[in-house]
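What follows is calculated from the coordinates using simple rules that are stated; it is not laboratory data. Model, not experiment: these values are computed from the prediction. As a convention, Cβ positions derive from the backbone with ideal geometry for all residues, glycine included, and neighbour counts pool all protein chains shown.
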Amino acid sequence: MNVVVANDISEVDRLHRSVSQFCQEHGLSSEIEGDLSLAIEEILMNVIRYGHPEGGKHEILVRLSLEEGYVIVIVEDDGVPFNPLEAPEPDLNSPIETRPIGRLGIHLVRNITDGLEYRRNEGRNRLVMRKQVPRSE
């Protein structure tokens, strides 16, 4: 399933509906659907907020597929280069009032997916997320 969304927060709900449809079509659990929706939303929000500091309309491509026991999610955009795999882990042990704002979304994505890959190619960011599907699904 391919979904093209604009770099606009209003598109998040439409993307959630597409993830729900994909999960229903493939008989995936509500837990898998929730994890996928959350991970995609976190990445999408980062692209929307930080990917185009110059503004303007841009398209973000989200691909979902089921391959060999994994849901594969690919998010591609033409925003500024950003490799989330290089983002430092947040210090979860320091007092909350002393922690810098941000970084928790990427931390969350790392923890609810089973693999992340990033590549910059021909002016586009390409993030691949893998989520393992239990054998019973």
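In this structure, the amide hydrogen of D114, modeled 1.01 Å from its nitrogen in the peptide plane, lies closer than 5 angstrom to those of R130, K131, Q132, counting only residues at least 5 positions away or on a different chain.
Summary value for region 1-54: 40 percent relative contact order, contacts being C-alpha pairs under 8 angstrom separated by 6+ residues. Taking the structure as given and computing Cα extents along the principal axes in Å, which label from [x] 43, 38, 27; [y] 45, 37, 31; [z] 52, 32, 19 fits? So the calculated entry is the one marked [x]. When the helices of the chain are scored as -39500 (n - 2.57) per DSSP H run of n ≥ 4 and the total is divided over every residue, the value at 222 nm lands at -11000 deg cm²/dmol.
Under the simplified labelling scheme, the R119-R17 pair shows an inter-label distance of 3.3 nm, with each label point 7 Å from Cα along Cα→Cβ.
Of the residues G27, G69, G56, the one that moves most in a GNM of the chain with alpha-carbon contacts below 10 Å is G56. Along the charge dipole of the chain, pointing to its positive end and built from +1/-1 on Cβ of Lys, Arg, Asp and Glu, which listed residue (L85, G123, I43) has its Cα farthest out? Ranked along the dipole, the leading option is G123.
The H on the amide N of G51, modeled in the peptide plane, is under 5 Å from the matching H of no residue at least 5 residues off or on a different chain.
When you restrict to C-alpha pairs under 8 Å that are six or more residues apart and normalise by the size of the chain, the relative contact order lands at 27 percent. For the pair R49 and I72, how long in nm is the line joining their label points, each one 7 Å along Cα→Cβ? Those two pseudo-labels are separated by 3.0 nm.
Taking every full run of DSSP H in the chain, none both stretches at least 18 Å from end to end by Cα along its long axis and averages 1.6 or higher on the Kyte-Doolittle scale. Computed from point charges on the beta carbon alone (+1 for Lys and Arg, -1 for Asp and Glu), the dipole magnitude for the chain about its Cα centre is near 140 Debye.
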